[in-house]
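Everything on this sheet refers to the single structure shown next.
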Amino acid sequence: MDKVFVSGLEVMCTIGAYDWEKTIQQKLIFDLEMAFDNRPAAATDDLSLALDYARVSQSVIALVQSEPIELVETVAERVAALILAEFSLPWVKVRVTKPHAVLAARGGVGVEIIREA
């Protein structure tokens, strides 16, 4: 199975369990890998047969910005469920990085999950 990916998708949202976090916007960074058979789109050069990563990105942004969430674990699960359902994919890998949650962790902290339909 082929993979389609979105790397480094930055989303400003209300994320965090602490009271002060609930009053500000913070950045989350998403890296997504999605199983998709690219052969039909490649053979015909037809976008309607491809997994439209722009639509995937827009859907993720809309979901994450729709309401405050406390945990990056919750964000990852909701994003995975959305992608699997909305785009009818067999599996997805979702990595969510919260870049400034731990100051000493220069590359950020977060979670990575793999979910199947």
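Every read-out reported here was derived from the displayed coordinates using simple, explicitly stated rules and does not represent laboratory data. Remember, predicted model here, so these are calculated numbers, not experimental data. For neighbour counting, all protein chains shown are included, and Cβ atoms are generated from backbone atoms with ideal geometry for every residue, glycine included.
Worth pointing out:
- In this label model, Leu49 and Glu21 are separated by 4.5 nm, measuring between points 7 Å along each Cα→Cβ vector.
- Partner aspartates and glutamates for Lys27 [C-alpha distance under 16 Å; skip if fewer than 8 residues away on the same chain]: Glu10, Glu67, Glu70, Glu73
- Here segment 16-117 is assigned +1 on the Cβ of each Lys and Arg and -1 on the Cβ of each Asp and Glu. Its dipole about the Cα centre then comes out at about 280 debye.
- Taking the charge dipole of the chain about its Cα centre, with +1 at Lys and Arg Cβ atoms and -1 at Asp and Glu Cβ atoms, the residue from Val56, Val72, Leu103 reaching farthest to the positive side is Leu103.
- By the beta-carbon count within 10 Å of each Cβ, the least crowded to most crowded order of Met34, Met1, fewest first, is Met1, Met34.
- Value at 222 nm in deg cm²/dmol, rounded to 500, when DSSP H runs of n ≥ 4 in the chain each add -39,500 (n - 2.57): -9000 deg cm²/dmol
- Read-out volume of the Cα convex hull per residue in Å³, derived from the coordinates shown; its label in [x] 94; [y] 130; [z] 122: [x]
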